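The values are calculated or read from the model by the stated rules, or taken from the named source; none is laboratory data. Model, not experiment: these values are computed from the prediction. Neighbour counts run over all protein chains shown; Cβ positions are idealised from the backbone, glycine included.
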Amino acid sequence: MGSEFSIKLRELRASVSLEHRSEVDLLLGTLISQSLVTAAGVELLRRPFGVRLGWTRFTDRFSVSAALQARLGIASLFFSGLSSFLDSGTREFSFALAVAVQFDATIPFIVISGRAEGFVFIDTNSNSQRDPGEVGPKNLILLLGNEKARTDERGFFRFPPMEPGTYELKIEKLPTGVIVKTALPQKIRIVAGQTLKLEIPLAQVAVIEGLVFHDENRNGQADSGEQGLGSVRVFLTDATGKTRDQRTDSEGRFAFSELLPGKYTVALDVRSLPTDFSPTTPAEVTVELKAQEQITVNFGAAERPRTVKFPPVAQFEFTPERPKVGEVVRFDASESFDPDGKIIKYEWDFESDGTIDAHGVTVEHIFSQAGTFTVTLTVTDNDGETGTARKTITVGP
Ligand SMILES: [Ca+2]
Ligand SMILES: [Ca+2]
Ligand SMILES: [Ca+2]
Ligand SMILES: [Ca+2]
């Protein structure tokens, strides 16, 4: 209905006609036939048929009339059912048939248009309704077709009058920290003579950002000097299970912006870490995000601990070199070492019979018999690796 009405309105035009008119006067029952009258009218036309409201000057009088009209090019056929003669102050009813040649002019001052206006508002209580106190950002520019509108301090905007039709509604540029809660661009229909009321809710958003860093000292903290890891994939999953992902930039940074408040899980894709790297922090973190909040989640990763271990090296000296029975012999293993850790145990077996006789870096022993003995030192490092050294000692009588 609306579209039909608007199509008719678009055909609204003014015309001047040269007519030949034949008229039957109903009161007198006479036929009047006259030529060359000038007529000015406003037509509501849906081609080729229409209605004309006209003001006509006959050779000797004026009338206003309503006529049904059929139009073919510049020629028209009118069938008029009502004429009112102004000059005589009387109303006369007549039927007239006229053939006319018409010259058209559009009527620029008659605006046949519709409007759109409304509010952009920050929906602080998240109910998608504009509640008291919920105002919008000022100076936000909205686009409807080729027209622009700007919000005032209340968030109110009004587009200029527009031709009826369907247009795309967009917001030119949103301030940071807000998103539109309804889908935009949106198709908007402008209807002639009507003002469309729009309400566009905005939501304040939050950000989860962070860093994936090379945790060289494996302490779980991003210490100064520890570089970011680029191109590492980070997943973000919201409370509904919807997941999106992002890769870190060359400095190891990532940022999920424009997030609605809620619960999120941020997870590191460990397969995207550099070769041999593993996380040194929890690879998955759950956060509760509030409006406008900015939460930082950092992930550390480093090379996996090495799997090759070096055993300790056992070395010892003893004095005197040629002890006698009953003499104290001093053994010193302080030259022993471990290349990649430390020695935690020293075990001495003075005659290599398999029974440990003493513990410690330096020990003393008295041989009770003369003879040649093999002394065995076994050292154990912090990884449980062992090293052994043997020396022979000759004990004199
Ligand atoms: Ca609200
Ligand atoms: Ca660190
Ligand atoms: Ca070792
Ligand atoms: Ca022994």
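With respect to the conditions (1) part of a strand (DSSP E or B); (2) away from ligand 2 (no atom under 16 Å from the Cβ), residue 212 falls short on a single one, namely (2). Restricted to region 290-397, the set of strands (runs of 3 or more DSSP E) holding at least 1 residues that are of a type in the set (Phe, Trp, Tyr) comprises 294-303, 317-319, 328-332, 343-349, 371-381. For residue 146, the conditions (1) exposed (fewer than 13 other Cβ atoms within 10 Å of the Cβ); (2) at pLDDT 90 or above; (3) within 16 Å of ligand 1 (Cβ to nearest atom) are fulfilled apart from (3). Looking across region 118-143, the residues that are within 9 Å of ligand 1 (Cβ to nearest atom) and among the β-branched types (Val, Ile, Thr) come down to 122, 124.
Residues that are surrounded by 13 or more Cβ atoms within 10 Å (Cβ to Cβ), closer than 16 Å to residue 381 by Cβ and not aromatic (Phe, Trp, Tyr) within region 313-348 comprise 313, 314, 315, 333, 336, 338, 340, 341, 343, 344, 345, 347, listed in sequence order. Inclusion of residue 260 among residues that are assigned by TED's automatic domain parsing to the domain that holds residue 154 and either within 16 Å of ligand 1 (Cβ to nearest atom) or at pLDDT below 95 (or both) is not warranted. Take residue 332 and tell me if it is under 30 Å from residue 237 (Cβ atoms), more than 16 Å from ligand 2 (Cβ to nearest atom) and touching a strand residue (DSSP E or B) at 6+ places or on another chain (Cβ under 9 Å). In short, no.
From the list 373, 310, exactly one residue is in contact (Cβ under 8 Å) with a residue 12 or more places away in the chain and crowded, with 16+ Cβ neighbours inside 10 Å. Which is it?
373
Take residue 362 and decide whether it is within 16 Å of ligand 4 (Cβ to nearest atom) and of a type in the set (Ser, Thr, Tyr). When the stated conditions are applied, residue 362 does not pass them.
Identify the residue in region 376-394 that is within 16 Å of ligand 4 (Cβ to nearest atom) and over 10 Å from residue 351 (Cβ atoms) and, among all such residues, is surrounded by the most Cβ atoms within 10 Å (Cβ to Cβ).
Residues of region 376-394 that are within 16 Å of ligand 4 (Cβ to nearest atom), as a first pass: 376-378, 388-393.
Still in the list and also over 10 Å from residue 351 (Cβ atoms): 377-378, 388-392.
Numbers: 377: 22, 378: 18, 388: 14, 389: 16, 390: 13, 391: 14, 392: 9.
The extreme case among them is 377.
Tally up the residues in region 105-132 that are assigned to a loop (DSSP other than H, G, I, E, B) and either modelled with pLDDT of 80 or more or within 16 Å of ligand 2 (Cβ to nearest atom) (or both), please.
In the first step, residues of region 105-132 are kept if they are assigned to a loop (DSSP other than H, G, I, E, B); the result is 106-113, 123-132.
Checking which are either modelled with pLDDT of 80 or more or within 16 Å of ligand 2 (Cβ to nearest atom) (or both) leaves us with 123-125, 127-132.
Qualifying residue count, region 105-132: 9.
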